[in-house]
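The values are calculated or read from the model by the stated rules, or taken from the named source; none is laboratory data. All values reported here derive from a predicted model rather than from experimental measurement. All Cβ positions, glycine included, derive from the backbone under ideal geometry; neighbour counts span all protein chains shown.
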């Protein structure tokens, strides 16, 4: 909230938010912005007090560079141009090294030098600021990439139309691929199925034939068994009948002989 209010130029509100944040968190990270809010409210002296406070000594290098820029601005607001140059001559102002804060610090120092008439030195630091930006990949002379974070109805409609077209093309490709693969799969199944089907049919036929033949031969075997049984029985009956008839004839002959032998005896008597 504090940074938003600061960017919008609501320095009083931003200063209250930053103070609240510092009181709750105990962090002085927003001290340079708070000092600049004091400048924005027309109180450059308070900004300088913050720059000379004990809390300022605990800032990191980027924080100290930003606070020096604010202090130089406060000196300028007070008409102290030479003091503004002195505020910027800090350890972080190194012409041979570039950090993330270096381009801003170099330009602020160049402007302070130009304000006091040191034009040659000012131009030197201006060039060095460009060198630092190039080294950091922050060349502002090039056209920046513009990224629109807003909502564009026409752009969204175009993207949706493009997505639908891509989906339709993908669907058509899948359908075409499926149509090409289906006949191939069918023919492959047919080719693969022919031997299997023939073998299956042949095996089924063989099984059926075996079953039929087995039934046929079983019935023949059964009939042959019956026939063999009946024939054996007939043979046995014939044998038995023949034996009985022969025995009967033998008995009859014996009886007739006995009768013949006895008959004369009765006749003689």
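What to note about this one:
- Among the residues examined, residue 68 does not qualify as modelled with pLDDT of 95 or more and over 53 Å from the mean Cα position of the chain (by Cα).
Results for (1) buried (at least 17 other Cβ atoms within 10 Å of the Cβ); (2) within 18 Å of residue 2 (Cβ to Cβ); (3) touching a strand residue (DSSP E or B) at 6+ places or on another chain (Cβ under 9 Å), shown as yes or no for each residue.
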residue	(1), (2), (3)
33	yes, yes, no
57	no, no, no
82	no, no, no
85	yes, no, no
97	no, no, no
102	yes, no, no
110	yes, no, no
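- Enumeration of residues in the stretch 1-55 that are within 47 Å of the chain's Cα centre (by Cα), farther than 29 Å from residue 86 by Cα and either assigned to a loop (DSSP other than H, G, I, E, B) or in contact (Cβ under 8 Å) with a residue 40 or more places away in the chain (or both): 1, 8, 26
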